[in-house]
Amino acid sequence: MDLSSINPILLLASLMVAATPILLAAIGELVVERAGVLNLGVEGMMITGAVCGFIIAVATGSPWLGFVGAAIGGAMLSLLFGVLTQFLLSNQVATGLALTLFGLGLSALMGQNYLGIRAPAFPDIHVPLLGDIPVIGPIVFQHDPMVYVGLFIVAAVWWFLNRTRAGLVLRAVGENHDAAHALGYHVRQTRLLAIMFGGACAGLGGAYLSLVRVPQWTEGMTAGAGWIALAIVVFASWRPGRLLLGAYIFGGVTVLQLNLQAAGLAVPVEYLSMSPYLATIAVLVIMSAGRAPGSLGRIFHAAR
Amino acid sequence: MIVLEKRPQPSRGWSYAAPVLAVVLTMVVGGILFAALGKNPVTVIRTIFLDPLFSEFAWFYRPQLLIKGAPLVLIAIGLSFGFRAGIWNIGAEGQYIIGALCGAGVGLAFYPMETRLVFPLMILAGAFGGWVWAMIPGVLKVKFGTNEILVSLMLVYVAESLLAAMALGPMKNPEGMGFPGSRNLAQYPSAANLELFAGTGMHWGVVFALIAVIFAYIALAKHTFGFHVRLAGQAPRAARFAGVNPGRLILICMGLSGALAGMAGLFEVAGPAGQVTIDFNVGYGFTAIIVAFLGRLHPVGILLAGGLMALTYIGGGIAQSNLGLPAAAISLLQGMLLFFLLAVDVLTHYRVRFAARKVA
Amino acid sequence: MKRRTLLATGVAAAALVATGLPALAQDKTKVGFVFVGPVGDGGWTYEHNQGRLAIEEEFGDAVETVFVESVPEGPDAVRVMQQMALDGADLIFTTSFGYMDQTMEVAAKFPDVKFEHATGFKTADNVSTYSARFYEGRAVQGHIAGNLTKSNVIGYIGSFPIPEVVRGINASFLAAKAVNPDVQFKIVWAYTWFDPAKEAEAANVLIEQGADVILQHTDSTAPQAAAQAAGNVYTFGQASDMAEYAPMPRVSSIIDNWGPYYVERTKAVMDGTWETQQVWEGIGDGMVGIGDITDAVPAEVKASAEALRDAIAAGETHPFTGPVNKQDGSVWLADGETADDGTLLGMNFYVEGIEGDIPQ
């Protein structure tokens, strides 16, 4: 065993990258849930985003356009969920699960002719000056642009929810849709927009895997990342700041256990991999602030 | 502008017609999809929906419907009580896994002793395991007001990790050449959950699923428990006045669904699957949630919905092998079927009105 | 009760008739494939599907191949195999270790259908097993890796701690050690065959801890991408060639090449010469392919690696040749002694020089 071979700076740096896809998907789902909608189809939207992004990036040669396409693809798929749950009043849990099934099938069909192709390169940016700061530079300022886009979205969501009127309306809709409706807010429109934002973010998260992390298209490549994103939202008690912490803890456990293994430590991997979920449950129980949005998962129908 | 108006009573006619409409819509849209993939849509639809029931080899496929459908129905019946009462256990997958682990653990502990006691003990252990796993979110909800949707979902991941740990460690078959996975319980007579009548597919899990359907039907229609469940779901305040203890109801509903899911896991691991392996769970717990809703939370509906889901799995397999359809097309079709079934339910509960757009 | 018995006998009779059918009813030879993953996984299942296409290429209209992908290891596998047998398959390849008991079960019901089970150890009159001596390819990789490494640290991404993977680690370590006595292996277990994100993380961790050559026993290209991003790190393709990452970081690869074997066995069925067997074929038989060694490898290393490859293929060199001690220092192979297949198949120990423990 040689723990000195673990470089804490590199560990933290790789953690930021490892956490990015789940962070992106989770921040979208956070907004959706704050609007009172539980969309369990994150995995389906992520994988659809992964394939859409890949196809467009290959076709245009531009990873940036790929990410735009992924966001659109994810949003389109989530629109299906939105129409079903908001206009046809179907149950959100069941619809979300069906969305995952649908998304996995759709993505596999779309990606049939894209196997074994490489995505166009998406180089890291070395932030001038900041990237040269000792210790902090390599951790924070030498990643690919999407890492920063993810962080920016988290900050923007925090600002939106806490500092804007529209954010207030969204939270009101999530806490008590009947009261929000009575106050004259558009519950369905608000939720539909939130759902589409969630789909777009999940799409970005999926495309981060297919364009940056792997970068290739293979069926089922999200391998459960969407489900982890759902867990992180809960862990974060629906707060953007804690979401960042949650994503880094979830990503960190994996990176850390791999580091310990490589250093020659016998790690009970299966037991360790349970720990973030058990921690999430503990957070739910302990933090009184960890209360779910009041209308989460409930169907809204405006009685006239 | 189209407006939905809540019906005072769910429409009886639509509750029967809507699922049929959904299946027809799926066939039409699915047919277009298959045509786009270059297959004859009529052949594909016939293969998926009819061949398992009426083809040359239907005598083989029909029992398979029971094997595939039984765990779905058993789990969905348990879930339906909670769903009716507004208690959301979506962690049946985890309870299914833990039930299988506990049941298999008992069976493996007795190996190779042959006694009639083993299998009943395994059933009890399976039900107990699922019950315990479901009581965690139940108790947390009652004691701390924690959201049961999220806790039960988290526990699925924990259960999956436990399953892998067991298959790779304590439960590994000592004669398995070092490969992960337990002994095959189906080859250990005292623990095996075999077909009760050869060639019928009827194993104990199917029997329990059918019993569960009957009991659920009676409980909902005749028993005060069923009345309380329905009341709690439709009018929580009225339920409280009627003397329904919400905490007790949560514990009963969670426990019931967990125990049934655990039993489903046990029947699967001791019979059709045979072994505890890393990938033992194939999503029955999640699919059962969909089945429960497709069946409109009604026992008979769940039975039919479970059959329909099983049909698409089996028909999908035939279509893959005989027509060269990719598996992805099948899961797309299933997703579509679910969307349509969920969407048309609106017709049962709401009346569609065309109203002139009001200017605000 | 009576009706059930009647039904059961009817089924049994139908089964008898059906089993007689395949040989009579058709002239085309029908070959079925049961796949554990999607054919688009780019790795394990992808290569088996390439083998299927090789059969079609070879025999054209004389054969018909069918496949079902993403079949879970359990009752679904039984159903799919049986369905293929009923539909007249003459030969069925079941391409995952987890199908072992299911293959045996279905094969017992269809004595006239031949079964070929990949990587298992149970056979019957109509069940053969086949597997590849991937460790031979691992030795070539180890040879190249030992020569290339400057940090003397080689990273190894394992999937599950099973004999197949442990064998690969030992083979590559011995070969690397032979050319570079200072070499050290860092091993991480991903506990998955395929999870791009996790594999990428595993590769990054190894690179951060000083590895400049990465060997992988997982199927995605994520480690290749991670190595490329890191710069001066060498990798090897796994399962498929992964040539899109050549010449750097991918400097060579192990390719699962099932085609020749599938063609040979199909031919045996057509000729009526098929007999049960247990084969374990390596580089010499063409089942293990060594992908092109790129120019990123110094010419003399490339030449010696190719010499080693050819010597193994010709049977002149065995990757496990004594003197070799086990990790605890006890003697495993005396000087000049080669490992027997039995020990290799159940290998659950590291050889001397590898640090760490195999997770239990």
**OP:** Residue by residue through segment B:147-158, note down the ones that are touching a Pro at 6+ places or on another chain (Cβ under 6 Å) and more than 7 Å from chain A (Cβ to nearest Cβ).
**Re:** B:Glu148, B:Ser152
Subject >> Flag if C:Gly210 is on the phi > 0 side of the Ramachandran plot and not assigned by TED's automatic domain parsing to the domain that holds C:Val269 >> reply: yes
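Taking segment A:186-204 on its own, how many of its residues are among the small types (Gly, Ala, Ser), farther than 17 Å from A:Leu106 by Cβ and in contact with a Gly (Cβ under 8 Å, 6 or more places away or on another chain)? Break it down stepwise before answering.
Of all residues in segment A:186-204, those among the small types (Gly, Ala, Ser) come to A:194, A:198-200, A:202-203.
The next check asks that each one be farther than 17 Å from A:Leu106 by Cβ; those that pass are A:194, A:198.
Filter once more, so that each one left must be in contact with a Gly (Cβ under 8 Å, 6 or more places away or on another chain): A:198.
Residues meeting the conditions: 1.
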Subject >> Inter-residue pairs, beta-carbon under 7 Å, first touching a residue at least 60 places away in the same chain (Cβ under 8 Å) and in segment A:219-236, second in a loop (DSSP other than H, G, I, E, B), 6+ apart >> reply: A:Glu219/A:Gly111; A:Glu219/C:Pro38; A:Gly220/C:Pro38; A:Met221/A:Val214; A:Leu230/A:Leu40
**OP:** Give the number of residues within segment B:324-355 that are more than 9 Å from chain A (Cβ to nearest Cβ) and out of contact with any helix residue (DSSP H, G or I) (no Cβ under 6 Å at 6 or more places or on another chain).
**Re:** 6
**OP:** Could you check how many residues of segment A:258-273 are surrounded by fewer than 22 Cβ atoms within 10 Å (Cβ to Cβ) and assigned to a helix (DSSP H, G or I)?
**Re:** 5
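Given the residues A:Val31, A:Val51, which is the only one that is more than 14 Å from chain C (Cβ to nearest Cβ) and either surrounded by 21 or more Cβ atoms within 10 Å (Cβ to Cβ) or at pLDDT below 95 (or both)?
Details: A:Val51 fails: more than 14 Å from chain C (Cβ to nearest Cβ).
Exactly one of A:Val31, A:Val51 is more than 14 Å from chain C (Cβ to nearest Cβ) and either surrounded by 21 or more Cβ atoms within 10 Å (Cβ to Cβ) or at pLDDT below 95 (or both), namely A:Val31.
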Subject >> Unique match (being under 29 Å from B:Phe49 (Cα atoms) and either surrounded by fewer than 18 Cβ atoms within 10 Å (Cβ to Cβ) or without any contact (Cβ under 8 Å) to a residue 40 or more places away in the chain (or both)) among B:Val282, B:Val269 >> reply: B:Val282
**OP:** Can you work out which of the residues in segment C:82-97 that are out of contact with any Phe, Trp or Tyr (no Cβ under 8 Å at 6 or more places or on another chain), under 18 Å from B:Thr47 (Cβ atoms) and more than 7 Å from chain B (Cβ to nearest Cβ) is modelled with the highest pLDDT?
**Re:** C:Ala89
Subject >> Of all residues in segment B:29-49 being in contact (Cβ under 8 Å) with a residue 40 or more places away in the chain and among the hydrophobic types (A, V, I, L, M, F, W, C), the one that is farthest from the other protein chains (Cβ to nearest Cβ) >> reply: B:Phe49
**OP:** Of the conditions (1) of a type in the set (A, V, I, L, M); (2) without any contact (Cβ under 8 Å) to a residue 60 or more places away in the chain; (3) more than 18 Å from B:Leu74 (Cα to Cα), B:Ala232 clears all except one; give me its number.
**Re:** (2)
**OP:** May I ask you to say which residue of C:Pro319, C:Pro249 is surrounded by 17 or more Cβ atoms within 10 Å (Cβ to Cβ), of a type outside the set (Val, Ile, Thr) and modelled with pLDDT under 90?
**Re:** C:Pro249
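Quick one: would you say B:Ser161 is within 9 Å of chain A (Cβ to nearest Cβ), at pLDDT 85 or above and closer than 21 Å to A:Glu270 by Cα? Break it down into steps so the answer makes sense when it comes.
On the way: within 9 Å of chain A (Cβ to nearest Cβ): yes; at pLDDT 85 or above: yes; closer than 21 Å to A:Glu270 by Cα: yes.
Against the criterion (within 9 Å of chain A (Cβ to nearest Cβ), at pLDDT 85 or above and closer than 21 Å to A:Glu270 by Cα), B:Ser161 qualifies.
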Original post:
Within segment C:310-359, which residues are in contact (Cβ under 8 Å) with a residue 60 or more places away in the chain and among the acidic types (Asp, Glu)?
Top reply: C:Asp341, C:Glu355
Subject >> Any hit, segment A:151-173, residues being within 24 Å of the chain's Cα centre (by Cα), among the hydroxyl-bearing types (Ser, Thr, Tyr) and assigned to a helix (DSSP H, G or I) >> reply: no
Original post:
What are the residues in segment C:70-104 that are of a type in the set (D, E, K, R) and buried (at least 24 other Cβ atoms within 10 Å of the Cβ), if any?
Top reply: C:Glu73, C:Arg79
**OP:** Go through segment C:168-184 and count every residue that is crowded, with 24+ Cβ neighbours inside 10 Å and not hydroxyl-bearing (Ser, Thr, Tyr).
**Re:** 7
Subject >> Scan of segment B:199-218 for residues that are under 24 Å from B:Ile250 (Cβ atoms) and without any contact (Cβ under 8 Å) to a residue 12 or more places away in the chain, ordered by number >> reply: B:Phe215, B:Ile218
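Here is a check on your reading of the model: is B:Val207 within 14 Å of chain C (Cβ to nearest Cβ) and not in a loop (DSSP other than H, G, I, E, B)?
Details: within 14 Å of chain C (Cβ to nearest Cβ): yes; not in a loop (DSSP other than H, G, I, E, B): yes.
So B:Val207 passes the test.
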Original post:
How do the pairs read when you match residues in segment A:8-23 that are more than 9 Å from every other protein chain (Cβ to nearest Cβ) with residues anywhere that are at pLDDT 85 or above and surrounded by 24 or more Cβ atoms within 10 Å (Cβ to Cβ), using Cβ under 6 Å and keeping only pairs 6 or more apart or on different chains?
Top reply: A:Ala19/A:Ala247; A:Thr20/A:Gly150; A:Thr20/A:Tyr208; A:Leu23/A:Gly150; A:Leu23/A:Ala247
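Taking segment A:275-286 only, how many residues are within 7 Å of another protein chain (Cβ to nearest Cβ) and surrounded by fewer than 21 Cβ atoms within 10 Å (Cβ to Cβ)? Write out each step before concluding.
So in segment A:275-286, the residues within 7 Å of another protein chain (Cβ to nearest Cβ) come out as A:277-278, A:280-281, A:284-285.
Then drop every residue that is not surrounded by fewer than 21 Cβ atoms within 10 Å (Cβ to Cβ), which leaves A:278, A:285.
Qualifying residue count, segment A:275-286: 2.
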Original post:
Filter segment C:53-68 for residues that are in contact (Cβ under 8 Å) with a residue 40 or more places away in the chain and touching an Asp or Glu at 6+ places or on another chain (Cβ under 9 Å); which is surrounded by the most Cβ atoms within 10 Å (Cβ to Cβ)?
Top reply: C:Val63
Original post:
Which one of these does B:Ser190 not meet: (1) more than 11 Å from chain C (Cβ to nearest Cβ); (2) in a helix (DSSP H, G or I)?
Top reply: (2)
Original post:
Take the residues of segment A:72-127 that are farther than 25 Å from B:Pro326 by Cβ and of a type in the set (S, T, N, Q): which is nearest to the other protein chains (Cβ to nearest Cβ)?
Top reply: A:Ser90
**OP:** State which residue is modelled with the lowest pLDDT when the search covers only segment A:246-256 and only residues that are within 13 Å of C:Asn204 (Cα to Cα) and surrounded by 23 or more Cβ atoms within 10 Å (Cβ to Cβ).
**Re:** A:Thr254
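The values are calculated or read from the model by the stated rules, or taken from the named source; none is laboratory data. As the structure is a computational prediction, the values presented were derived from the model and not from experiment. So basically every Cβ, Gly included, is an ideal-geometry build from the backbone, and we count neighbours across all protein chains shown.
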